[in-house]
Amino acid sequence: MNAGGPRPSGNNSRQNNQNQKEEGARINEEITAPRVRLVGDNIPEQGIFALADALKLAEELELDLVEVSAKADPPVCKIIDYQKFLYQQKRKAKEMKANASKVVIKEIRFGPNTDEHDFQFKLNHAKSFLQEGSKVKSYVFFKGRSIMFSEQGEKLLLRFAVELEDYGQAEQMPKLEGKRMIMMIAPKKKK
């Protein structure tokens, strides 16, 4: 008896293989174009070849014919070791991900009637956030009828940006989004 759960199917591995091939480049017999442009260092001459001739050349070199640019006319192919090609692609993607800078956004919330002590306290926090390289999202939250003091909130955010000029610069002027008036401040680039 079946307990009502999903039944395992026999073509799971086949689906995984198809997904992997769709993500990567087409190789050898998977290439469908009648003519291909061969490029690379390990071939006698570069140029446009019939697919059968390119496959034969790859077989003679005991390597794979790999389609590197399918959108070109005719598609561009290289004769290389496909496993090595995949390894290099993964390594390159990993390096790019490691080098990508991650942007951290710290939030600082004000009320429309924030007093001077609170303002200075939050200002000091914002300075330390900007010095460590984080962006600061400062906003004034309006409760109930306090939305009538939106000009006061705007003045507060503009003063906040002016006080932080040495540490960062405002990416946009304060703007009202619903019950919040928001302003982003990015850290200054270090020289």
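Please work out which residue is surrounded by the most Cβ atoms within 10 Å (Cβ to Cβ), limiting yourself to region 161-191 and to residues that are within 18 Å of Glu132 (Cβ to Cβ) and either among the basic types (Lys, Arg) or in contact with a Ser or Thr (Cβ under 6 Å, 6 or more places away or on another chain) (or both). Among those that are within 18 Å of Glu132 (Cβ to Cβ) and either among the basic types (Lys, Arg) or in contact with a Ser or Thr (Cβ under 6 Å, 6 or more places away or on another chain) (or both), it is Lys188.
Does Lys189 satisfy the criteria of being over 16 Å from Arg109 (Cα atoms) and basic (Lys, Arg)? In short, yes.
Conditions tested, residue by residue: (1) at pLDDT below 85; (2) surrounded by fewer than 11 Cβ atoms within 10 Å (Cβ to Cβ).
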{"residue": "Ser13", "(1), (2)": "yes, yes"}
{"residue": "Asn16", "(1), (2)": "yes, yes"}
{"residue": "Asn19", "(1), (2)": "yes, yes"}
{"residue": "Glu22", "(1), (2)": "yes, yes"}
{"residue": "Ile43", "(1), (2)": "yes, no"}
{"residue": "Asp53", "(1), (2)": "no, no"}
{"residue": "Glu67", "(1), (2)": "no, no"}
{"residue": "Ile80", "(1), (2)": "no, no"}
{"residue": "Lys84", "(1), (2)": "no, no"}
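Ile105 satisfies every condition listed in (1) surrounded by fewer than 12 Cβ atoms within 10 Å (Cβ to Cβ); (2) touching a Lys or Arg at 6+ places or on another chain (Cβ under 6 Å); (3) modelled with pLDDT of 90 or more except (3).
Within region 60-112, the set of residues being among the small types (Gly, Ala, Ser) and closer than 27 Å to Gly133 by Cβ comprises Ala93, Ala98, Ala100, Ser101.
The values are calculated or read from the model by the stated rules, or taken from the named source; none is laboratory data. What you are looking at is a predicted structure, and each value in this text was computed from that prediction instead of being measured. Cβ coordinates were reconstructed from backbone atoms using ideal geometry, including for glycine residues, and neighbour counts include every protein chain displayed.
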